[in-house]
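This report concerns only the one structure given below.
FYI, it's all coordinate maths here, none of it is from the lab. In this text, all values refer to a predicted model and were calculated from it rather than measured experimentally.
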Amino acid sequence: MAKLELQELTGITVEDLMIESEKVAHVQLNNPLEHALLVLVKSGYSVIPVLDHMYRLKGMISKTAILNEVLGMERFEMEKLSELKVSGTMLTDVPVLKKSDTFLTALKAVVNQAFLCVLDDEGYFEGILTRRAILKKMNRYLHEQVHYHPTADKTNV
Ligand code: 2BA
């Protein structure tokens, strides 16, 4: 495999690393919380995107937010799960990326977010960029630097 150069790394865009929308677990705005919890538990993810019927991003929903929503004084009031909608519980203020954003923009973004949704100019959902995808690329680059320049790991590069 060819060595990954710094220019190549910084030349990578979000489009090169994102997970396409068809492979992303998501729920719809009007789904009951019960359905959202089912998708979250079955997929194994802690947070997933919320889309409208046109595939536009509307927010994110997490297992923690759902459980908080149905937490009563003494117990989880699970019967509420079928009454309440995703739209009332989701987080709406979510940072996003574009396909053309650079590796450095994405790297900065995943410091605070485990993943970011990728939208087109009209707000349509195109996929997600995960922290894992960024770290995988960064890991490869840094290991190659150490391999080709063995003193690099001793100089805090
Ligand atoms: P979390 O669900 O909190 O997952 C944290 C990390 O745990 C993931 O990091 C991944 O390395 C691992 N992981 C969790 N569930 C997994 C599963 N079912 N299969 C494989 N690995 C799993 P990242 O891969 O960097 O993902 C960051 C966040 O992006 C995830 O946070 C989740 O909220 C979201 N995500 C990732 N892939 C997704 C997908 N296909 N659909 C919906 N959301 C996804």
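Summed over all non-identical Cα pairs, the Kirkwood treatment of segment 9-51 gives a radius of 12.0 Å. Note on segment 37-140: Kirkwood radius taken over Cα pairs, Stokes-Einstein applied at 25 °C and 0.890 mPa s, translational D equal to 161 µm² s⁻¹.
Quick check: the distance between the Cα centres of segment 81-109 and segment 1-41, to the nearest angstrom? Result: 11 Å between the Cα centres. Our summary gives segment 29-157 a relative contact order of 21 percent, counting only alpha carbon pairs under 8 angstrom and 6 or more residues apart. Rounded to the nearest Hz, the phi-derived 3J(HN,Hα) couplings of segment 20-25 under the Karplus curve 6.51 cos²θ - 1.76 cosθ + 1.60 (θ = phi - 60°) are 5, 3, 5, 9, 9, 5, where x marks glycine and proline. Less than 5 angstrom separates the built amide H of THR89 from none of the residues sequence-distant by 5 or more or on a different chain. A straight Cα-to-Cα reach below 21 Å connects LYS3 with the lysines LYS136, LYS137, LYS154, residues fewer than 8 places away in its own chain not being considered. When the inverse distances between all different Cα atoms of segment 1-74 are averaged and flipped, the Kirkwood radius reads 14.8 angstrom.
Residues whose amide H lies under 5 Å from that of GLU77, counting only those 5 or more places away or on a different chain, are LEU71, GLY72; hydrogens are built 1.01 Å from N in the peptide plane.
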